[in-house]
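Below is one structure, written out as structure tokens; the observations come after it.
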Amino acid sequence: MRFGVMVPHWGESSSPESILTVAQLAETLGYESLWLGDHVAVPVSDQSAARERFYEAMTVLGYLAGVTSTIQLGTGVLIVPYRHPLLVASQLATADRLSGGRVIFGGASGWLEGEFQALDIPFRNRGARTDEYLQAIKHLWTTPRPHTFEGRYVQFEDIKYAPQLYKEADPPPVWIGGNSRAAATRAVKYGDAWFPLHITRERLAGRKAYLLEQCQQFGREKPPLIAMGSSAEFVERADAPQSYGFQGSAGQIVEELSAYSEAGLDYLVLDFPRASLKGLCATMEMFADKVIPALTG
């Protein structure tokens, strides 16, 4: 199993200092990747404290490319319909080239209707729009220019797109976010990985079987990697608050993650508790010292 870290670019501990500190500490500790969420205009009606303050994902991605040197950089996940695919393809390809080929493109169709409304983007057709935007982005990355694309939601003809990746560099891997069957099918059709938020082992095993069925249906030989976003906290389980993540001692977390690995989980992206930067870093260090070696050795 491999491990990544969510960068605190939103929520109570988000700041330029915390973004830089966590990014460079994760690289030093040997985590595989750094990940960014995506919010642009959260409605006041959404009361989540984590969305009270946020730094825009694509801007932070470019910043991370300059302050790290080896760790992979992922969008986990970018809401695909929020941005024109020409812009996204260029932004990601630019960050990938400037970082030495370290970008992973994680994308999903989105769920926060009020944010779609604020951005003047239709909410009801977001799934179909996501599929088409992914097709357009992959077309730009994998075919020679000039580029022409004729779709329902996006059209362009005889354009010079840059930076060009075709025959110059491998395109960024595409991870498809979302817990639904539709997201799993999208991963089979367009992605290198399926990337849900925390689900039970039983549901993960069921989704793995579904992915294999979809691979047969669409003629895909190698199934997508299975990744998952979750959290981890070292606490006494009797005192632990309700959480969707992994809680307990290091040994208990290792045991539970071993069971997830057997169920088919390949990659875990962790959003560590972020009440304070000091506590976040301490948890990252303990996880790297006590958990990762037991699952990767």
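Coordinate-derived values only; no laboratory data. Just so you know, these numbers come straight off a predicted model, no measurement behind them. FYI the Cβ positions are ideal-geometry reconstructions off the backbone, even for glycines, and counts take in every protein chain you see.
How high is the relative contact order of the chain? Use alpha-carbon pairs under 8 Å, at least six apart in sequence, and give a whole percent.
That works out to 18 percent.
Restricting to the chain, compute how many DSSP beta bridges are antiparallel as a %, nearest 5. Please report the intermediate quantities before stating the final value.
Numbers: 4 of 35 bridges.
About 10 percent, rounded to the nearest 5.
Can you find, among Thr75, Ala232, Gly219, the residue farthest towards the positive end of the dipole of the chain? Put +1 on the C-beta of Lys and Arg, -1 on that of Asp and Glu.
Selected residue: Gly219.
Does a label point 7 Å from the Cα of Asp158, set along Cα-to-beta-carbon, have any residues of region 132-149 with amide nitrogen under 15 Å, and which are they?
Counting only backbone N, you get 145-149.
Mind sorting Ser69, Ser14 by how few other Cβ atoms lie within 10 Å of their own Cβ, fewest first? If you can, show how the numbers build up before the last one.
Values: Ser69 11, Ser14 20.
Ranked by crowding around the Cβ, least crowded first: Ser69, Ser14.
Assuming 0.36 nm per residue, please report the length gained on full extension of the stretch Thr148 to Arg181 beyond their Cα-Cα distance.
On the way: separation 33, 0.36 × 33 = 11.88 nm, distance 3.10 nm.
Here the segment from Thr148 to Arg181 would lengthen by 8.8 nm.
Please report, in whole Å³, the volume per residue of the convex hull around the C-alpha atoms of the chain.
Working: hull volume 40.7 nm³, N = 297.
Here the figure is 137 Å³ per residue.
Once every DSSP H run of n ≥ 4 in the chain is given -39500 (n - 2.57) and the sum is divided by its residues, what mean residue ellipticity at 222 nm do you get, rounded to the nearest 500 deg cm²/dmol?
Working: 10 runs with 123 residues, N = 297.
About -13000 deg cm²/dmol.
Within the chain, which is the longest segment containing none of the GluC sites (Glu not before Pro) that sit in a DSSP loop and have at most 10 other Cβ atoms within 10 Å? Please report the intermediate quantities before stating the final value.
Details: sites that count: Glu168, Glu221, Glu236.
Longest run free of exposed loop sites: 1-167.
Which Cα, out of Phe246, Ala65, Tyr31, lies furthest along the positive dipole direction of the chain (beta carbon charges, K/R +1, D/E -1)?
Ala65
How big is region 1-154 along each principal axis, measuring the range of its Cα positions in Å and listing the largest first?
Taking max minus min along each principal axis of the Cα atoms, region 1-154 gives 45, 43, 28 Å.
Treating only the Cβ of Lys, Arg, Asp and Glu as charged (+1, +1, -1, -1), what charge dipole size does region 158-297 show about its Cα centre? Round to the nearest 20 debye.
It works out to roughly 480 debye.
Within 12 Å, Cβ to Cβ, of Ala162, how many net charges do the neighbouring residues add up to if Lys/Arg are +1 and Asp/Glu are -1? Please list the in-between numbers first.
Working: positive: Arg97, Arg145, Lys160; negative: Glu168.
Surrounding charge for Ala162 is +2.
List the aspartates and glutamates whose Cα lies under 16 Å from the Cα of Lys160, skipping any in the same chain that are fewer than 8 positions away.
Within the straight-line cut-off, Lys160 pairs with Glu150, Glu168.
With only Lys, Arg, Asp and Glu charged, each at its Cβ (+1 for the first two, -1 for the last two), find how big the charge dipole of the chain is about the Cα centre; round to the nearest 20 debye.
Working: 27 positive and 33 negative charges, 145 e Å.
The calculated dipole for the chain is roughly 700 debye.
Among Leu140, Leu212, Leu64, whose mean-square fluctuation peaks in a Gaussian network model of the chain (Cα, cutoff 10 Å)?
With Cα springs under 10 Å in the chain, the top fluctuation among Leu140, Leu212, Leu64 is at Leu212.
Would you order Phe287, Phe149, Phe105 from fewest to most other beta-carbon atoms within 10 Å of each residue's own beta-carbon?
Phe149, Phe287, Phe105
Anyone know which of Tyr55, Tyr166, Tyr82 comes out most mobile in the 10 Å Cα GNM of the chain?
For the chain, modelled as a Gaussian network with Cα springs under 10 Å, the answer is Tyr166.
What order do you get for Thr143, Thr283 when you list them from fewest to most C-beta neighbours inside 10 Å?
Final ranking by Cβ density, sparse to dense: Thr143, Thr283.
Have a look at Arg53, Arg186, Arg274 and tell me which one the Gaussian network model of the chain (Cα, springs below 10 Å) gives the largest fluctuation.
In this elastic network of the chain, the residue with the biggest mean-square fluctuation among Arg53, Arg186, Arg274 is Arg53.
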